Amino acid sequence: MDISSYVLLSHEQALKRRLDVAANNIANMNTTGFRRERPVFREYVARDETPAARTIAQARTTSYVLDYGAMHDTVAGGFQSTGNPLDLMIDGPGYLAVEAPGGGTAYTRAGFIKINQDGELTTAGGLRLRGEGGAPIAVPIEQLDTLSIGPDGTVTAKDGPLGRIAVTVFDDERGVSPRGDGLMAATGGRELAAAETRFKTGGVEGSNVEAIVETTSMVDILRAYQSSMKMSQDIEDMRRRAIDRLGRIS
């Protein structure tokens, strides 16, 4: 396989990656708190290090496509009213911290808030919500009917504040990655102070995926793949003609 074929192959692998990401975005159009992803690629320039190339003032270089993973779009999704006063949407950057299955901390933007049998605030999936400092927030059973959540995340019942829902932000969003169970994994975050935290209650954040954008992207990917396949076929035809001419000369 010659260099041109390797370059086309790296391009087609990048297109496959783009297609996988676009398909995943479309599949999560209705997933609460989902943020669309976009692939990240870098150019890798390979220099010809053969002895013949070293004698040339400007050695030949070849550019390949390298997959650097995916980043998610930090633009917030729209507010979707649920009628439940405990449901909430983070109005700004950051994530809700939850106790991950198997231990540790995971993160989510999905603000469906429930109360388990122990009176603790949890996600819709039953994962305990972490408050300031990582502690869970418990509500006395007899005070459940008076429970409310303030704009800064303070959880209050009739006897006063019970804790505050923490919002964790990350300076580098590239370190926030999907775990595969609807949650995000990340390290190095910091909790926002009450003055920096804003919630909208009575609803949740919808997905920020736009169907027309992802559909257009998939059409572009298909056309690029077709062009790549045509170039590959043209290279193969040119190679066959060269071999045929060499055979006639010999």
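The table below gives the values:
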quantity	calculated
Computed Rg/Rh of the chain, alpha carbon atoms with Kirkwood Rh	1.21
Hits among lysines - C-alpha to C-alpha of LYS200 under 24 Å, sequence gap 8 or more where chains match	LYS114, LYS158
Projected area averaged over orientations for the stretch 166-250, convex hull of C-alpha atoms, nm²	11.2
Positive-end extreme of charge dipole, the chain - chosen from VAL176, GLY150, ILE249 (charges on Cβ)	ILE249
Volume per residue of the C-alpha convex hull in the stretch 104-204, rounded to whole Å³	107
Cα-based helix-to-principal-axis angle, 211-249 vs the chain, degrees rounded to 10	20
Most fluctuating residue given options THR197, THR82, THR108, as computed from a GNM of the chain linking Cα atoms under 10 Å	THR82
Calculated FRET value between GLN143 and ALA211, using beta carbons and R₀ = 30 Å, to 0.05	0.10
Estimated FRET transfer efficiency when R0 is 35 angstrom, pair ALA135-PHE41 (beta carbons, to 0.05)	0.25
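We did not get these values from a lab; they are worked out from the coordinates using the rules stated. Model, not experiment: these values are computed from the prediction. Neighbour counts are summed over all protein chains in view; Cβ atoms, including those assigned to glycine, are modelled from backbone coordinates with ideal geometry.
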